[in-house]
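Got a structure for you, written out below as structure tokens; questions coming shortly.
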Amino acid sequence: MKFKNYRWIIVALLFFATTINYLDRQIIGLLKPILEKEFAWTETDFARIVMAFTAAYAIGLISFGWMIDKVGTRKGYSFTVIFWSIAGMLHAVARSAFGFGLARVGLGLGEAGNYPAAAKTVAEWFPKKERALATGLFNAGTSVGVVVALLMVPVILSKYGWHEVFWITGGLGFVWLIFWLWLYQVPSKSKQISKEEYEYIVSGQEEIETEDDKNPVKWGKLFSYPHTWAYITGKGLIDPIYWFFLFWLPSYFASTFDLDLKKFSLELMIIYTATTVGSIGGGYLSSALIKRGWETIKARKTILLLFAALELSVILIQFAGNVWVVVGLISFAVALHQAWATNVFTLPSDLFPKQAVSSVVGIGGMAGAIGGILFPILIGSLLDKYKALGNLEAGYNILFTICGVTYLVAWLIIHLLTRKAQKLSLDELS
């Protein structure tokens with residue numbers, strides 16, 4: 001059977017993979033109040049566990065990005081999902097902060113392959129005018145995964161315990177794998193895609209790629225171009241902020257507003273649902289500008305500047321005393337983050353040939369993970385300091401201020417690096 005819009009089925013697969021990816025990584029943040037009591041963790045202990053994940057994530061990104069460009073998306077994505085699903089389930093057997101750290105290392109290594117594989121898939125299946133929207137749709141899985149975690153964890157805890165949370169959620173990746181192997185091939189090999197859709201995809205791309213293509217790109221040469229450093233900046237400075245929102249928000253609401261994380265949390269549900277709106281909306285806005293005739297990079301940077309300016313609103317959290325005002329401000333902030341992230345994710349496919357996309361995404365993701373290693377050091381020490389002073393909320397307020405300003409700094413660097421940027425050819429990278 002031939003489908004007229006099969007590329008959107010592919011996006012659905014990417015969306016569900018990303019959903020499971022973020023479901024698995026979010027579990028420990030929701031279980032933090034339970035686990036820190038059982039194992040007597042400090043804020044610094046938890047920060048080290050997060051750092052173990054992000055350090056492994058950095059290594060995994062650069063390794064899996066290279067590997068996926070070598071073996072192709074079908075095989076590469078399959079391997080990474082198997083890897084992280086097994087690691088997710090192994091959290092259930094951890095009995096100390098060190099044990100959880102080891103499990104997080106495995107999870108970080110495996111989960112790192114998701115974005116390089118997804119970005120390469122979008123580059124294979126979509127013309128450039130639709131890539132931001134496609135990226136926004138699959139990137140919405142980051143927030144949906146967190147929302148699903150908020151729903152699943154209390155239910156599983158009410159019937160079983162925290163061990164079963166890891167066993168059950170970790171097994172979902174194997175369910176996804178069945179559908180991926182059944183439905184996915186590159187467009188040139190897919191039996192489900194119609195001739196009209198194939199021609200539409202190819203007409204909006206610079207080159208055609210198949211799973212049999214060899215990788216002629218000289219990996220080290222990527223670092224000689226400002227294009228790569230622009231993406232490194234967008235990921236390196238901003239990814240750690242979302243991980244802060246991801247791993248520390250449950251604890252922030254528990255300590256500041258006495259939120260019971262063993263029960264359904266409407267506050268967190270609203271916040272993480274807002275990220276879905278930002279992800280899809282951010283992709284739609286830049287795609288709309290491109291369809292109106294804007295130059296691709298100009299459209300991306302204009303939208304990024306808008307979101308960076310609006311992100312300053314997160315600083316106002318320190319002046320809000322009402323929980324629902326805080327929920328509103330954080331919801332707006334994380335929605336803007338996802339809108340920003342969606343447009344940054346499209347930069348590799350905007351600036352590089354498809355044969356290099358996964359590698360560039362891996363390099364940028366590694367930069368984000370390195371930032372994710374360093375930022376928790378500040379977070380843990382800062383929160384422990386203010387907790388000892390009996391004013392933990394002040395520590396969070398400092399962190400929110402840092403988060404608000406960083407987007408504008410990142411945009412300025414990206415702008416300077418891409419003022420005269422043109423899409424690189426495969427010959428330039430060979």
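The values are calculated or read from the model by the stated rules, or taken from the named source; none is laboratory data. As the structure is a prediction and not an experimental result, all values here were calculated from the model. FYI the Cβ positions are ideal-geometry reconstructions off the backbone, even for glycines, and counts take in every protein chain you see. Calculation scope for accessible area: heavy atoms of the full protein, side chains included, ligands and nucleic acids excluded. Shrake-Rupley method; radii C 1.70, N 1.55, O 1.52, S 1.80 Å.
If I ask for residues that are hydrophobic (A, V, I, L, M, F, W, C) and not in a helix (DSSP H, G or I), which ones from region 359-401 would you list? Write out each step before concluding.
The first filter runs over region 359-401 and keeps only residues hydrophobic (A, V, I, L, M, F, W, C), leaving 360-361, 363, 366-367, 369-370, 373-375, 377-379, 382-383, 388-389, 392, 394, 398-400.
Listed by number, the list holds a single entry, Leu389.
Ala388 is checked against (1) of a type in the set (A, V, I, L, M); (2) closer than 30 Å to Leu316 by Cα; (3) buried (at least 16 other Cβ atoms within 10 Å of the Cβ) and fails just one. What number does that condition carry?
With (1) of a type in the set (A, V, I, L, M); (2) closer than 30 Å to Leu316 by Cα; (3) buried (at least 16 other Cβ atoms within 10 Å of the Cβ) applied to Ala388, the lone miss is (3).
Is there any pair with a first residue in region 12-33 that is closer than 18 Å to Phe126 by Cβ and a second that is aromatic (Phe, Trp, Tyr) and open to solvent by less than 10 Å² (accessible area, probe 1.4 Å) whose Cβ atoms are under 7 Å apart and which are 6 or more apart or on different chains, and what are they?
Leu13/Trp180; Leu13/Tyr184; Leu14/Phe138; Phe15/Phe138; Thr18/Phe138
When you go through (1) farther than 30 Å from Leu35 by Cα; (2) modelled with pLDDT under 85 one by one for Thr142, which number turns out not to apply?
(1)
Determine which member of the set Ala92, Ala58 is touching a residue at least 60 places away in the same chain (Cβ under 8 Å), hydrophobic (A, V, I, L, M, F, W, C) and over 30 Å from Gly395 (Cα atoms).
Working: Ala58 fails: over 30 Å from Gly395 (Cα atoms).
Unique residue meeting the criteria: Ala92.
I've got another one for you. Considering only residues that are in a loop (DSSP other than H, G, I, E, B) and among the small types (Gly, Ala, Ser), look in region 176-204 and name the one that is farthest from Thr121 (Cα to Cα).
The extreme case among them is Ser194.
Which residues, taken from region 234-267, are under 22 Å from the mean Cα position of the chain (by Cα) and farther than 20 Å from Val50 by Cα?
Gly234, Glu267, listed by residue number.
Name every residue in region 8-41 that is of a type in the set (Gly, Ala, Ser) and more than 12 Å from the chain's Cα centre (by Cα), in order of residue number.
Ala12, Gly29, Ala40
For (1) within 28 Å of Thr275 (Cα to Cα); (2) open to solvent by 20 Å² or more (accessible area, probe 1.4 Å), each residue gets a yes or a no:
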{"residue": "Leu150", "(1), (2)": "yes, no"}
{"residue": "Ile156", "(1), (2)": "yes, no"}
{"residue": "Tyr160", "(1), (2)": "no, yes"}
{"residue": "Trp167", "(1), (2)": "yes, yes"}
{"residue": "Phe174", "(1), (2)": "yes, yes"}
{"residue": "Trp182", "(1), (2)": "no, yes"}
{"residue": "Val186", "(1), (2)": "no, no"}
{"residue": "Ile193", "(1), (2)": "no, no"}
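Hey, could you check region 58-96 for residues that are over 25 Å from Phe179 (Cβ atoms) and not hydrophobic (A, V, I, L, M, F, W, C) and say which is surrounded by the most Cβ atoms within 10 Å (Cβ to Cβ)?
Here the residue is Ser63.
I'd like to verify a number: residues in region 177-199 that are touching a residue at least 40 places away in the same chain (Cβ under 8 Å) and touching a Ser or Thr at 6+ places or on another chain (Cβ under 7 Å), how many?
Counting residues in region 177-199 that are touching a residue at least 40 places away in the same chain (Cβ under 8 Å) and touching a Ser or Thr at 6+ places or on another chain (Cβ under 7 Å) gives 4.
Follow-up. For region 1-39, which residues satisfy the criterion of being within 30 Å of Lys195 (Cβ to Cβ), open to solvent by less than 50 Å² (accessible area, probe 1.4 Å) and of a type outside the set (Ser, Thr, Tyr)?
Arg7, Ile10, Val11, Ala12, Leu13, Leu14, Phe15, Ala17
Related question: Could you list, in sequence order, the residues of region 195-218 that are open to solvent by 90 Å² or more (accessible area, probe 1.4 Å), of a type in the set (Asp, Glu) and modelled with pLDDT of 80 or more?
Within region 195-218, Glu196, Glu199 qualify.
Restricting to region 394-414, and then to whatever is farther than 17 Å from Ala333 by Cβ and over 20 Å from the mean Cα position of the chain (by Cα), can you tell me which residue is least open to solvent (accessible area, probe 1.4 Å)?
Among residues in region 394-414 that are farther than 17 Å from Ala333 by Cβ and over 20 Å from the mean Cα position of the chain (by Cα), the one least open to solvent (accessible area, probe 1.4 Å) is Gly395.
Here's another thing I want to ask about it. Kindly provide the set of residues from region 141-161 that are among the aliphatic types (A, V, I, L, M) and free of Cβ contacts under 8 Å to residues at least 40 places away in the same chain, ordered by number.
Val155, Ile156 - these are the residues of region 141-161 that are among the aliphatic types (A, V, I, L, M) and free of Cβ contacts under 8 Å to residues at least 40 places away in the same chain.
Given the residues Ala40, Ala92, which is the only one that is more than 17 Å from Lys235 (Cα to Cα) and in contact with a His (Cβ under 6 Å, 6 or more places away or on another chain)?
Exactly one of Ala40, Ala92 is more than 17 Å from Lys235 (Cα to Cα) and in contact with a His (Cβ under 6 Å, 6 or more places away or on another chain), namely Ala92.
Which condition number does Met51 fail, the rest of (1) open to solvent by less than 20 Å² (accessible area, probe 1.4 Å); (2) in contact (Cβ under 8 Å) with a residue 60 or more places away in the chain being met?
Exception for Met51: condition (1).
May I pose another question? Looking at region 383-410, which of its residues are of a type in the set (Phe, Trp, Tyr) and more than 17 Å from Tyr252 (Cβ to Cβ)?
Result: Tyr407, single match.
What is the one condition in (1) hydrophobic (A, V, I, L, M, F, W, C); (2) at pLDDT below 85; (3) open to solvent by 10 Å² or more (accessible area, probe 1.4 Å) that Phe46 does not satisfy?
In the conditions (1) hydrophobic (A, V, I, L, M, F, W, C); (2) at pLDDT below 85; (3) open to solvent by 10 Å² or more (accessible area, probe 1.4 Å), Phe46 misses (3) alone.
Any idea which of Gly390, Gly364, Gly404, Gly395 is under 20 Å from Phe53 (Cα atoms) and either at pLDDT below 85 or of a type outside the set (A, V, I, L, M) (or both)?
Gly364
Give Val357, Val326 a once-over and let me know the one that is touching a helix residue (DSSP H, G or I) at 6+ places or on another chain (Cβ under 8 Å), β-branched (Val, Ile, Thr) and modelled with pLDDT of 85 or more.
From the options Val357, Val326, the qualifying one is Val326.
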